[in-house]
Amino acid sequence: QGGLFGYAHLGDSLFDVKSGLALDVADGVVDFVEVLQASLLRTETWYNYLNLGFKIPPAAGSDWPYIALPGDVRSYVFHQGPFTSQDWFDGLREGNTFVTNGPMLTLSVNDQPMGSTLQVDKGSDLHIRASANLNPTLDLLSALELVVGGEVVKRVSSAEGTDALSLELVLEAEAGTWLAVRAYGFKRPPPFSAALEARFAN
């Protein structure tokens, strides 16, 4: 019916999510994974699947009323023109999306936006641009990283903090890979309640 199927709680490995992913990703039925929850970004398992060649878009979820408030983390989907809810689902499925607990992010490769799949010749140049912007009433940005195949290849930082960071880089295409961008601030997420911490510990 045009909906999406994905896994929540990937970062906390609740409900045996890793075993389920091992079965369902290989069958091509996973449209997204929730990598941002309770303002904590957990990418290790997700990056492993990306390195295996599976294109799985990220998602964020609050799990209200059990973990956090609605909107504390969000999934943004890029769209142009008249909007329908199906456009949002389609954009998430294609990977035209990013997750955040505050910063607004951009990433382009050879002027193609997030979620794009590029076919390039080995040895050709990849012109990469990324940026992060953050409302300074929430926090200030401390760093912006470019991740290629799970490894940080460039980092720009601000010791005093700023509301905007950007980076540009030209890489030579060597083999199939994926790119991501991560932004950091200074504030830590609020602590969980003692009851919730005990629940996660068990």
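The values are calculated or read from the model by the stated rules, or taken from the named source; none is laboratory data. Worth saying up front: this structure is predicted, and the values here are computed from it rather than measured. Positions of Cβ are backbone-derived with ideal geometry, glycine not excepted, and every protein chain shown enters the neighbour counts. Note: accessible area is taken over every heavy atom of the protein model, side chains too, but ligands, DNA and RNA are not part of it. Shrake-Rupley method; radii C 1.70, N 1.55, O 1.52, S 1.80 Å.
For V120, neighbours were defined as the other residues whose beta-carbon sits under 14 Å from its Cβ, and their charges (Lys and Arg +1, Asp and Glu -1) total -4. Working from label points 7 Å from Cα in the Cα-to-Cβ sense, the F5 to S116 distance is 3.1 nm. Summary of packing: across the peptides 140-148, 103-111, the per-residue average of other C-beta atoms within 10 Å ranks them, highest first, as 140-148, 103-111. Here the accessible area is traced with a 1.4 Å probe on the protein chains. For the chain, carbon and sulfur cover 52 percent of it. Packing here is the average count of other Cβ atoms within 10 Å per residue, and on that basis the peptides 65-75, 22-32, 128-138, highest first, run 128-138, 65-75, 22-32. Separation of the stretch 124-185 and the stretch 14-34 by C-alpha centroid, Å? Result: 28 Å between the Cα centres.
Peptides 155-166, 76-87 ranked from most to least packed, by the mean per-residue count of other Cβ atoms within 10 Å: 155-166, 76-87.
Treating r as the C-beta distance of S124 and M104 and R0 as 35 Å, the FRET efficiency rounds to 0.75.
Evaluating 6.51 cos²θ - 1.76 cosθ + 1.60 at θ = phi - 60° for every residue in the stretch 137-150, the Karplus couplings come out as 6, 8, 4, 10, 6, 9, 6, 9, 10, 9, 10, 10, x, x Hz, glycine and proline recorded as x. Within the chain, all pairs of alpha-carbon atoms sorted by distance into 5 Å bins from zero give the percentages 1, 7, 14, 18, 20, 17, 14, 7, 2, 1, 0. Taking every protein chain into account, the accessible area of the chain amounts to 59 square angstrom per residue (probe 1.4 Å). Sequence-distant contacts, meaning Cα pairs under 8 Å at least 6 residues apart, place the relative contact order of the stretch 70-156 at 21 percent.
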